[in-house]
Amino acid sequence: MSEVAKTSTDVATLAFEGKELALKVVEGSEQEKAIDIAALRAQTGLITLDEGYVNTGATTSSICFLDGERGILRYRGYSIEDLARNCDFLEICFLLIYGELPTEEEFANFRDSIRRHTMLHEDMRLFYNGFPRDAHPMASLSSVVSAMSTFYQDSLDPNDPKQVEISIYRLLAKLPTIAAFSHKKSIGQPFIYPDNNLSYCENFLKMMHAVPCEEYRIDPDFVQALNLLLIVHADHEQNCSTSTVRMVGSSNANLFASIAAGICALWGPLHGGANEACVAMLERIREDNGDVAKYVKMAKDKDNNFRLMGFGHRVYKNFDPRATIIKAACDRLLAKLKVDDPLFKIAQELESVALNDEYFVQRKLYPNVDFYSGVIYRALGIPMQMFTVLFAMGRLPGWIAHWKEMHASPGKKICRPRQVYTGPTLREFVPLKKRS
Ligand code: CMC
């Protein structure tokens, strides 16, 4: 459950129309301060306006700490660097969802509970016959997750902890299967059923790459790289998709519906879809004779809506610690596999040109998590359209943790922002026949 933020001894004062209003200041555990404006409208008739929620804290939360100026990311107090070095992705799921790292016994039980749910209902497979072969896997993913509400009507009540628990197992267990089936459908190969003797990452790689007519050998380097990628994507506080999950969940929509909405939000190229868009951009630069300078110039041109994908972040203004971890992993993996990927070289050159360019320096634009992740996915044999699906698999425990935290909060309310209306004032109605 979210810890209640302390009320600071500080008070903010708002002066408006000759009156002064004292506003409470709340303080988080990392000394972050926020002005509590809950009483503002009742006392002054004013609301606050903040398009894109650039400066708006939507909630208190004890799941993830992020300091964009210092490049810090922690899950439940543990640094992302420590977790990425030492953990299995399922330990991270447990940590985010339940608040603590599991003991050995807790971990074994958790893994077993998830393993029991990896298969899809056979009727669910039939959906894939209906999707066009070239359907984007993010569209199939959100549709099938949404359809879980039709198959698991026994676990839809957000206020019943037992039902929520089983929905959590089902989601964590089935998302890799749903994802891998989407891929197999797109390449016309038979679906590979999950193998519960394997670990979470091994199982996913097998379902993605194995074919029934050949033995599939799981490469431990692939497993390690995938595990790391899932961990660094696992949570990122109130980002667009997580806020969507909370927003949808706040109406008491069930967990499957809330997660399906989060998947849709993640798909956009300004959010999780940036990993696919970034590799598409690197390909484009390669086909254009590797002319990196041309694309940096285009990104700076205000008359051109081209942006460097995988660059910039709403919160990180120094560096993205996830990008640092991924770049190092990328270096290691490509060297170990002896892969000479021209896109990696272009990415490195682009990074170096941009980081020395006044435009990017001034705006504090750095490579983000999506800049190098696509290069690793390529090395793992993951096709480009599946990149954002892997982001979704990684982010799933974060979405669940936030959804649960919101429901457990004593202050839970339906999310319902206000607006400043700018349309026409009252107009006289004109009947259809009299309109010119
Ligand atoms: N290339 C060129 N210029 C950029 C870029 C970029 N990638 N990102 C921001 N800018 C410029 C922008 O034009 C603006 O310039 P000016 O002040 O002259 O108008 C300034 O930097 C601030 O940009 P903004 O759009 O106001 O910043 P934001 O906080 O609203 O947007 C962002 C953050 C991530 C959407 C944006 O940086 C972007 O579009 N990046 C490319 C897409 C991307 O990589 N997204 C993945 C984000 S990390 C994964 C995740 O968690 O979703």
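The values are calculated or read from the model by the stated rules, or taken from the named source; none is laboratory data. In this text, all values refer to a predicted model and were calculated from it rather than measured experimentally. For neighbour counting, all protein chains shown are included, and Cβ atoms are generated from backbone atoms with ideal geometry for every residue, glycine included. Protein only, heavy atoms only, side chains kept; ligands, DNA and RNA dropped before computing areas. Shrake-Rupley method; radii C 1.70, N 1.55, O 1.52, S 1.80 Å.
Screening region 325-356 for residues that are free of Cβ contacts under 8 Å to residues at least 40 places away in the same chain and within 16 Å of the ligand (Cβ to nearest atom) and picking the one that is surrounded by the most Cβ atoms within 10 Å (Cβ to Cβ) gives GLU351. Residues in region 407-430 that are farther than 16 Å from THR242 by Cα, of a type in the set (Val, Ile, Thr) and open to solvent by 70 Å² or more (accessible area, probe 1.4 Å): VAL420, THR422, THR425. The set of residues from region 251-266 being more than 11 Å from the ligand (Cβ to nearest atom) and either in contact with a Lys or Arg (Cβ under 7 Å, 6 or more places away or on another chain) or open to solvent by 40 Å² or more (accessible area, probe 1.4 Å) (or both) comprises SER251, ASN252, CYS264. Between ARG322, ARG314, the distinction of being in contact (Cβ under 8 Å) with a residue 40 or more places away in the chain, crowded, with 17+ Cβ neighbours inside 10 Å and not acidic (Asp, Glu) belongs to ARG322 only.
The condition of being more than 23 Å from ILE97 (Cα to Cα) and either assigned to a helix (DSSP H, G or I) or hydroxyl-bearing (Ser, Thr, Tyr) (or both) holds for only one of SER149, SER167, SER143, that being SER143. Determine whether GLY290 is part of a loop (DSSP other than H, G, I, E, B) and more than 14 Å from the ligand (Cβ to nearest atom). It is true that GLY290 is part of a loop (DSSP other than H, G, I, E, B) and more than 14 Å from the ligand (Cβ to nearest atom). In the set (1) open to solvent by less than 60 Å² (accessible area, probe 1.4 Å); (2) free of Cβ contacts under 8 Å to residues at least 12 places away in the same chain, GLY130 fails one condition alone, (1).
Exactly one residue among ALA58, ALA108, ALA38 is loosely packed, with under 12 Cβ neighbours inside 10 Å, within 23 Å of ALA5 (Cβ to Cβ) and not basic (Lys, Arg), and that residue is ALA38. Of all residues in region 61-86, those being part of a loop (DSSP other than H, G, I, E, B), of a type in the set (A, V, I, L, M, F, W, C) and open to solvent by 20 Å² or more (accessible area, probe 1.4 Å) number 0. Comparison of PHE360, PHE387, PHE391, PHE371 shows that the only residue that is aromatic (Phe, Trp, Tyr), in a helix (DSSP H, G or I), surrounded by fewer than 24 Cβ atoms within 10 Å (Cβ to Cβ) and within 14 Å of the ligand (Cβ to nearest atom) is PHE360.
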